[in-house]
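The values are calculated or read from the model by the stated rules, or taken from the named source; none is laboratory data. Only a predicted model underlies this, so the values are computations on that prediction, with no experimental measurement involved. Just so you know, the surface numbers come from the protein's heavy atoms only, side chains and all, with ligands and any DNA or RNA stripped out. Shrake-Rupley method; radii C 1.70, N 1.55, O 1.52, S 1.80 Å.
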Amino acid sequence: MVYTTALLFGNPGLLDLSEEESVLEMIGKYFLQLTSPGRGTSSARRGSVESCDERDNSPVAQMDAGVEQEQRVLQQAVTRHIELCLTEAKASTLLCQVLLLPHHMTARVGQDVVRSSADEPCGLRGASIKVYVEGKEGLKPVGSFSIDPSVTPTFELSVILRADKSYGWPALKHIFESDKVLKLRPEYRLVKRKLYSSASPVIHDFY
């Protein structure tokens, strides 16, 4: 409080005695107003630094909060779409009965997909997203989706998940045949390719 007050009424560290007395007098008047009756302030919190609980309700702060909320909604939408693609491809493309995923993996992928789309003109809504699983036999397409089908895609984003070729979870081998259980690794790759452009694809690997 001392340093902040000095900033308000003069240069900190450069106050002479008369200025310092004036500052102290003004501080005293300020706290006298705080403790005067009729201000509706709790006596336990008067003059307390912790009692200053001001929220930033400026338009900029509200805009930032709105953007963060939108990012969370988009991330959740991407996560749901990826999980749906994997679920539908389990029997038809991946040929497995059980699909094992690392903890929170699809949420991480969703977050990185949203971030990779941030610099695009339409953001994630301009993305055509394709999901693949890379295994012993190469890449297998497991699904594709767009967050907003009404928007013409301006770029393609490929999500490449990787199968654990050394699979070994003995607990499930007693229940299912080993070739019916597929386990994905935590690592994955995002390949971003701009449509209607000759620019080279951008590859990001995540571990």
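Key figures
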{"quantity": "Residue count for the stretch 97-110, restricted to those that are at pLDDT 95 or above, open to solvent by 70 Å² or more (accessible area, probe 1.4 Å) and polar (S, T, N, Q)", "calculated": "0"}
{"quantity": "Residue list for the stretch 125-179, filter: part of a helix (DSSP H, G or I) and either at pLDDT below 95 or open to solvent by 40 Å² or more (accessible area, probe 1.4 Å) (or both)", "calculated": "Arg125, Pro170, Ala171, Leu172, Lys173, Ser178, Asp179"}
